Amino acid sequence: MSGSALIVRTSFFNSGAGLIAAAIAGGRNLVMKSIRKHASFCVTALVLAGLMLLAAPKMAAQQDAPPAIGDADDRFNPPPCDFSDTFYRDNGIDPTQLVLRFGDNGGTTRLTGPPARGNQKNYVADTNCAATDPTRRNFRILATTGGNADDGNSPFTNGTPETVEFISILAFVTNQNNFESSYSRTVGGAGTGGGSTISIVPGPDPTTGATNVNPRGIAMQDIVGHFEAYAANKQFLANGQFAANPCQADMQSALAPPTPCFDLGTVNAVFTPNLRQDWRFATNRNAMDGSDGNCISTDTTVCGSVSDSPYGYFCDDLLGMWIITYFWFTQPPNTTVQPCKDVFAAIGAKNGFTLDGTPIILTAHELNDELEANGCGAEGQEAVDGSDGGAIWLVCPAIPDPRAGAIALDAFVDQVHRSNGVPLDFNLTIDFLSLQIFGKFPNELTGAQQSQLVTTATAATAPTN
């Protein structure tokens, strides 16, 4: 990981979003997972500045005083753009096989519609993209998807139960054949006959046995497989029935009947309106050299029977891809079956509840040790040959540092909303608005900026019906 990525939020205890969310929710008497007693909006807003005036940690990239939206030197971090075709190929993906890629078909593919709502646009043509970074093409992404990282392992860890990440869902991959099996391009050494070769060869690699490998003997599909994006699909069907399994037979859990079932057979299944809670990301981002304590040797005398993955998300997964792991509940939210009834209540009391009424799951421990170990939940991935019909991988790079301009003023946050238009997770909304308006996290703001953020967030999260 580059030095610039290391400065982000790792030393922060709290982004401040939770407290501001409490201020907003208190005025509306909404039940929030971080609120146990509802205070009036006016009282909470008055004490907000005093509570939030904590010493902000020193950062490598300092920002100066207002103006409110920052001056030019406060917005030096470029917002996300799509990758160029060449960069996709250099990293093992055939761009012609990407599904619903932002900007395809002359800038019309997924221009509107989910994640955009109403009159929003998901991206905009912007010649600054390639000028700033030659690995990009000139479509700047406005749809900024919010989610949470497992167990605080994100570079944006803030010490709270919730660790926010922002990503850009550029495209979907629906078959392992979309990964290149043969590719070669020479870069550098112009006019000298030298240079370096970027290549993908069929393999198998003599050491790892992997196929479709790069010069390191590693397949892009294997790298991506170490980074999971957890999709939480709604389980209540249009007829009101609760479906405790997906319709894809190879994914179904023996813990629940096969029907009724919820369908994951199209890419649309992971569009935000079809999710019961926001995305969750497994951020097992190991250092390449093992400096974080991971063991990267395949020699069992060195690491024992288990070897950690030697892959870093920002170091190796340069397209920012994730394999989708779908997870679901095998009991309905009103179950009387134990221990599921008590497990649901305990997690929900801590994290809040999804649109289905089931508890929001934020960590691997909650999914693996509390739900699945007690027979209350399950998870699965779609068949890599594409036979299940839906999304298998996402091309959705996380924004390395969302401050200082990375969240553009014309961007919007993509998150799960309740039926009345109110966001399910206020913390995502508030972090986003703070980054968009000021280029900083809430706990880095002045008292005046925090007051402005409360006003803006109150309007942005008001019910629409």
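Here, each number is a calculation from the coordinates, and none is a lab measurement. Just so we're clear, the structure is a prediction, and the values are computed from it rather than from any experiment. Don't worry about glycine lacking a Cβ; one is built from the backbone with ideal geometry, like all the others, and counts go over all protein chains shown.
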(Q) Through the Karplus equation 6.51 cos²θ - 1.76 cosθ + 1.60, θ set to phi - 60°, convert the phi angles of the stretch 406-416 into ³J(HN,Hα) values in whole Hz; use x for Gly and Pro. (A) 5, 9, 5, 5, 9, 7, 9, 8, 9, 8, 6
Q: Could you list which residues have their amide H under 5 Å from that of residue 236, counting only those 5 or more apart in sequence or on another chain, with H placed in the peptide plane?
A: 243
Q: Order by neighbour count: 255, 367, 409, fewest other Cβ atoms within 10 Å first, most last.
A: 409, 255, 367
Q. Check residue 198: other-chain or 5+ apart residues with amide H under 5 Å from its amide H, H built from backbone geometry?
A. 185, 186, 187
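When 181, 434, 253 are ordered from fewest to most other Cβ atoms inside 10 Å of their Cβ, what list results?
With the fewest neighbours first, 181, 434, 253 line up as 181, 253, 434.
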Q | Net lengthening on full extension, residue 383/residue 314 (0.36 nm per residue, minus Cα-Cα) | A | 22.2 nm
Q.
Along the Cα→Cβ direction, 7 angstrom out, place labels at residue 127 and residue 112. What is the inter-label distance in nm?
A. 2.7 nm
Q. Do the alpha carbons of any pairs in 234/350; 121/350; 341/440 sit beyond 29 Å of each other, and which pairs?
A. 121/350; 341/440
Q: For the stretch 365-465, just the Cα set please: Rg and Dmax, both in angstrom.
A: 18.5, 55
Q: Per residue of the stretch 220-236, in order, report the coupling 6.51 cos²θ - 1.76 cosθ + 1.60 (Karplus, θ = phi - 60°) as ³J(HN,Hα) in whole Hz, putting x for Gly and Pro.
A: 4, 4, 6, 4, 4, x, 8, 10, 9, 10, 9, 9, 10, 6, 4, 10, 7
Q) Which far-off residues, 5 or more places away or on another chain, put their amide H under 5 Å from the one on residue 219, with H placed in the peptide plane? A) 214
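Based on the Cβ-Cβ distance from residue 176 to residue 216, what FRET efficiency comes out when R0 is 30 Å, to the nearest 0.05?
In this case the efficiency is close to 0.95.
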**Q.** Distance (nanometres) between label positions extended 7 Å along Cα→Cβ at residue 420 and residue 456
**A.** 2.5 nm
Q. Quick one: if you stick a label point 7 Å off each Cα along the C-beta vector at residue 259 and residue 369, how many nm between them?
A. 3.9 nm
Q: Any chance you could tell me what percent of the C-alpha pair distances in the stretch 304-408 go past 16 Å?
A: 70 percent
**Q.** Full-extension gain in nm, residue 196 to residue 325, via 0.36 nm per residue minus C-alpha separation
**A.** 42.8 nm
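Using the count of nearby Cβ atoms within 10 Å as a rough guide to exposure, how do 321, 220 rank from fewest to most?
Fewest-to-most Cβ neighbours within 10 Å comes out as 220, 321.
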Q.
If each residue of separation counts as 0.36 nm, what is the full-extension length gain between residue 410 and residue 301 once their alpha-carbon separation is subtracted?
A. 33.8 nm
